[in-house]
Amino acid sequence: MRSSRENDLFLPGLRIPEKVRICNDLGQTVAGAGIVLGVTPSHVVRPVWGQMLGWLDPSMLFVSATKGLEGGSLMRMSEVITDVVRVRFQPRVAALSGPTFAREVAQGEPTAVVIASRDGELAAGIQRAFSGPTFRLYTNPDLAGVELGAALKNIIAVGAGVCQGLGLGGNIVAALITRGLVEIRRLAVALGGRPETLAGLAGLGDLVLTCTGELSRNRQVGIRLGQGQKLPEILASMRMVAEGVRTTDAAVELGRKHGMDLPITQQVHAILHQQKPPSEAIRELMERSLKGE
């Protein structure tokens with residue numbers, strides 16, 4: 001990457017700006033930084049931040065751009081970072097989220113996202129530092145709502161992909177997005193989020209993009225499941241992580257813990273982890289007991 005100025009595995013054909021220094025040494029990368037931005041897959045956030053711990057200091061601002069929940073602990077990513085770093089000091093952590101495909105951001109296409117933190121000064125500082133002509137940030141104090149919207153929308157996107165893989169039309173996908181948002185909001189509010197956050201960029205915005213966009217990895221997993229492929233085969237062929245596969249376990253456990261009805265999430269979980277036929281899962285969703293919206 002240093003010689004070619006290109007990440008040919010994940011963003012082929014896009015040149016990395018000369019100002020970006022590429023380094024494979026965590027100490028050299030992090031030491032002396034003003035802002036540390038983490039974009040690793042959710043299942044390695046804890047070990048990677050643990051490896052960086054010795055080079056971190058209280059003057060740094062920390063930003064998580066990972067969209068997922070930690071298996072086992074069921075923690076949000078900012079909570080994982082705080083849990084790791086607070087053995088040395090109490091970190092200032094924000095979360096960056098919203099409707100973003102990396103390739104479109106890297107190509108300089110207009111993008112709007114949210115920077116969330118209960119620390120208004122921190123959020124405003126990241127907003128100023130990261131904003132540019134094609135990248136617009138909005139601040140939001142609802143850290144829980146933003147992170148949960150980011151994580152849970154991936155589950156609904158798998159379901160939307162399943163519908164397409166089964167050859168179904170737009171009606172069911174629109175219904176799935178709408179009722180999926182109800183589930184996301186229900187769980188997020190139970191965990192401290194604000195309902196209005198889920199109507200914004202980190203909720204509805206990200207959900208619509210992930211459920212309908214051609215670049216969505218979670219949607220692609222769903223499409224292939226709907227076409228009859230098995231999950232291990234699908235994952236083995238993917239270089240990048242589809243966070244919804246892991247997050248579904250955590251979401252089902254959170255729903256059980258809080259006594260919540262999450263029918264779409266539960267059916268997606270059954271397709272992913274219990275080999276339930278996708279057509280049967282859709283039929284059971286349609287045949288649930290009738291109720292008001």
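Brief remarks follow.
- The range 99-114, subset touching a Gly at 6+ places or on another chain (Cβ under 9 Å) and of a type in the set (A, V, I, L, M, F, W, C), residue surrounded by the most Cβ atoms within 10 Å (Cβ to Cβ): VAL114
- Residue that is farthest from the chain's Cα centre (by Cα) [pool: residues in the range 71-117 that are among the basic types (Lys, Arg) and under 27 Å from GLN220 (Cα atoms)]: ARG103
- Qualifying position, being within 12 Å of the chain's Cα centre (by Cα), at pLDDT 95 or above and not hydroxyl-bearing (Ser, Thr, Tyr), among GLY149, GLY125, GLY120: GLY149
- Considering residues of the range 243-282 that are free of Cβ contacts under 8 Å to residues at least 12 places away in the same chain and either touching a helix residue (DSSP H, G or I) at 6+ places or on another chain (Cβ under 7 Å) or among the aromatic types (Phe, Trp, Tyr) (or both) only, the residue surrounded by the fewest Cβ atoms within 10 Å (Cβ to Cβ): LYS276
- Every condition in (1) surrounded by fewer than 23 Cβ atoms within 10 Å (Cβ to Cβ); (2) over 23 Å from GLY259 (Cβ atoms); (3) hydrophobic (A, V, I, L, M, F, W, C) is met by LEU191 except one, and the failing one is (2).
- Looking across the range 265-293, just one residue is among the hydrophobic types (A, V, I, L, M, F, W, C) and outside any helix (DSSP H, G or I), and that is LEU290.
- Pairs are defined by a Cβ separation below 8 Å, a sequence spacing of at least 6 or placement on different chains, a first member in the range 220-242 that is at pLDDT below 90, and a second member that is surrounded by fewer than 18 Cβ atoms within 10 Å (Cβ to Cβ) and of a type in the set (A, V, I, L, M, F, W, C); the pairs so defined are ARG239/LEU9; ARG239/PHE10; MET240/PHE10; ALA242/LEU235.
- Scanning the range 123-173 for residues being touching a strand residue (DSSP E or B) at 6+ places or on another chain (Cβ under 8 Å), crowded, with 20+ Cβ neighbours inside 10 Å and touching a residue at least 60 places away in the same chain (Cβ under 8 Å) gives a total of 8.
- Candidate set from the range 168-187 (those that are assigned to a helix (DSSP H, G or I) and of a type in the set (Gly, Ala, Ser)); member that is nearest to HIS258 (Cα to Cα): GLY180
- Any hit, the range 238-255, residues being basic (Lys, Arg) and outside any loop (DSSP other than H, G, I, E, B): yes
The values are calculated or read from the model by the stated rules, or taken from the named source; none is laboratory data. This one's a predicted model, so the numbers in the text were calculated from it and none came from an experiment. Every residue, glycine among them, receives a Cβ derived from its backbone with ideal geometry; neighbour counts consider all protein chains shown.
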